[in-house]
Amino acid sequence: MKLIISTTSPYSRKCRVMVRELGLGDRIEEWESHPFDDDPELLRANPLGRVPCLVLDDGQAFTESALIADYLVEQADQSWPQDWNDRRLEALGNGLLDLTVARRVEMVRDEGLQSAYWIGRRERGIMRAIDELETAVGGLESVLAQGPLTMAVALAYMDFRYPESDWRAGRPQLAALLDAWQQRVSFQSTRPPSDT
C-alpha cells in the first residue's frame, strides 16, 4: 500500500502516526506530494487533490484521514478503542483541524485578498473548540485512540502554524494530552519540517 502524504499536513500526520503505532510500517510506503502543485500521481489517486490518500494494492484509493484511520485499525493486529465518545472527540478534533488549516490558508493569501472577517470567525471557532475539548478530555482512559490522537495532532499544528494563539493558557488537560503524545516516537518521527 502507498500512503500519499505531505509532511506539513496535519491530516497526513494523523495517519502517519497511526501507521507507526499500529505496526503497519512494513506494509505501507509513504510517498510525499505537494497538493498545491497538482501532482499527477496524487490527482490520479484522489481527484480531490488532497492528502492523505491511501492507495491499496489493487489500486483502489481511500481519501480523508478519518476513513484511512478506520481502515488502518482494521488492518492492524491490535485494536484501538472506537466507542461513541472517542468518535465524538475525533470529530471535534477534525473540526479544530479544519478551522486551523482554513485560518492558515487565509493568512498566507496576498494581503489585499485576506479577509479579517473569516480570520476572526475561524479564530473564535478554534477557541470554542479547544475550550470544549479541555472539558471533554478529562474522562479519557488512554491517549491511544483516534479521538485523542486527532486532538493532539490539531494542537501540535496550532503550535506549528498558529503559535500566537496561546492555547495552553487555562487548558492544562489539553497541554498534558499533547505532552503525552510528544513523548511517543511515532509523534516525534512525524514532526513537520521547521523550515516550511
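The values are calculated or read from the model by the stated rules, or taken from the named source; none is laboratory data. Please read these numbers as outputs of a predicted model, since none were measured by experiment. Neighbour counts run over all protein chains shown; Cβ positions are idealised from the backbone, glycine included.
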Checklist line | Single match in GLN82, GLN60, GLN78 (criterion: out of contact with any strand residue (DSSP E or B) (no Cβ under 6 Å at 6 or more places or on another chain) and farther than 24 Å from GLY139 by Cβ) | finding: GLN60
Notebook entry, point to check: Give me the pairs: first residue in segment 168-187 and closer than 15 Å to MET158 by Cβ, second residue polar (S, T, N, Q) and assigned to a helix (DSSP H, G or I), beta-carbon distance under 9 Å, and six or more apart or on different chains, which are they?
Noted result: GLN182/GLN188
Check: Can you spot a residue in segment 151-165 that is within 22 Å of ASP70 (Cα to Cα), of a type outside the set (A, V, I, L, M), modelled with pLDDT of 95 or more and in a loop (DSSP other than H, G, I, E, B)?
Finding: no
Next item on the list: State whether one or more residues within segment 148-161 are surrounded by fewer than 19 Cβ atoms within 10 Å (Cβ to Cβ), at negative phi and among the aromatic types (Phe, Trp, Tyr).
Entry: yes
Margin query: Just to confirm my filter: which helices (runs of 4 or more DSSP H) fall fully inside segment 1-112 and include at least 1 residues that are surrounded by 20 or more Cβ atoms within 10 Å (Cβ to Cβ) and among the polar types (S, T, N, Q)?
Written below: 10-21, 65-75, 84-107
Item checked: TRP80 vs. criteria of a type in the set (Phe, Trp, Tyr), over 20 Å from ARG184 (Cα atoms) and out of contact with any Phe, Trp or Tyr (no Cβ under 7 Å at 6 or more places or on another chain) -> no
Check: If we keep just the residues of segment 113-142 that are assigned to a helix (DSSP H, G or I), over 20 Å from PRO10 (Cβ atoms) and among the small types (Gly, Ala, Ser), which is modelled with the lowest pLDDT?
Finding: GLY139
